[in-house]
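Enquirer: Please see the structure below; I have some questions.
The values are calculated or read from the model by the stated rules, or taken from the named source; none is laboratory data. Since we're looking at a predicted model, the values are computed, not measured. Every residue, glycine among them, receives a Cβ derived from its backbone with ideal geometry; neighbour counts consider all protein chains shown. Note: areas computed on protein heavy atoms with side chains; ligands, DNA, RNA excluded. Shrake-Rupley method; radii C 1.70, N 1.55, O 1.52, S 1.80 Å.
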Amino acid sequence: VDASVSRNQGVRVFMSDGSRMVFRLSGTGTRGATLRVYLERHEPDAAKHDQPVASALASLSTAARDLARLKELTGLDRPTQVT
C-alpha cells in the first residue's frame with residue numbers, strides 16, 4: 001500500500017510449477033525463535049479444490065523438509081505447532 005520494502009525477512013524458493021516455499025524466522029532472537037514455513041501451490045482443477053491441505057501440499061512439504069534439512073539440523077521430524 002505504501003510502497004515500502006522489507007529486506008532480509010526470510011527465504012523464498014520458487015518451484016518450476018509455480019509453487020513456492022517461504023522460510024522465515026519469527027521471534028526476537030535466534031535462540032528459541034520459531035521457524036515459519038509457508039507453502040503455496042496453485043490448483044487450476046476446481047474438482048480438486050476440496051482435497052485436504054496436507055494431501056494437496058504433501059510433495060511440496062517433503063521438498064521443503066529436504067531442502068531445509070530440518071530433521072538433520074533440529075532433530076525434529078514434524079512440526080511442533082501447525083496453524
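Enquirer: Going toward the positive end of the dipole of segment 18-57, with +1 on Lys and Arg Cβ and -1 on Asp and Glu Cβ, which of L57, F23, L39 do you reach last?
Expert: After comparing all options, I get F23.
Enquirer: Carbon-plus-sulfur fraction of the accessible area of the chain, 1.4 Å probe, in percent?
Expert: C and S fraction of accessible area: 50 percent.
Enquirer: Oh, and also: Given points 7 Å out from each Cα along the Cα-Cβ axis, report the T34 to T62 separation in nanometres with one decimal.
Expert: Result: 2.8 nm between the two label points.
Enquirer: How high is the relative contact order of segment 1-53? Use alpha-carbon pairs under 8 Å, at least six apart in sequence, and give a whole percent.
Expert: 25 percent
Enquirer: I'd like to know how the chain sits against the 2.2 N^0.38 Å rule of thumb: what's its Cα Rg over that expected value?
Expert: 1.26
Enquirer: OK, next. Taking Cα pairs under 8 Å and at least six residues apart, what relative contact order does segment 12-83 come out at, in percent?
Expert: Relative contact order, segment 12-83: 20 percent.
Enquirer: Here's another thing I want to ask about it. Taking the alpha-carbon centroid of each part, what is the distance from segment 49-83 to segment 2-19 in angstrom?
Expert: 19 Å
Enquirer: Sort 50-59, 64-73, 6-15 by the packing proxy (mean of other Cβ within 10 Å over each peptide's residues), most packed first.
Expert: Order by mean packing, descending: 64-73, 50-59, 6-15.
Enquirer: Under a point-charge model restricted to the Cβ atoms of Lys and Arg (+1) and Asp and Glu (-1), what is the dipole moment magnitude of the chain relative to its Cα centre, in debye to the nearest 20?
Expert: Computed charge dipole of the chain: roughly 420 debye.
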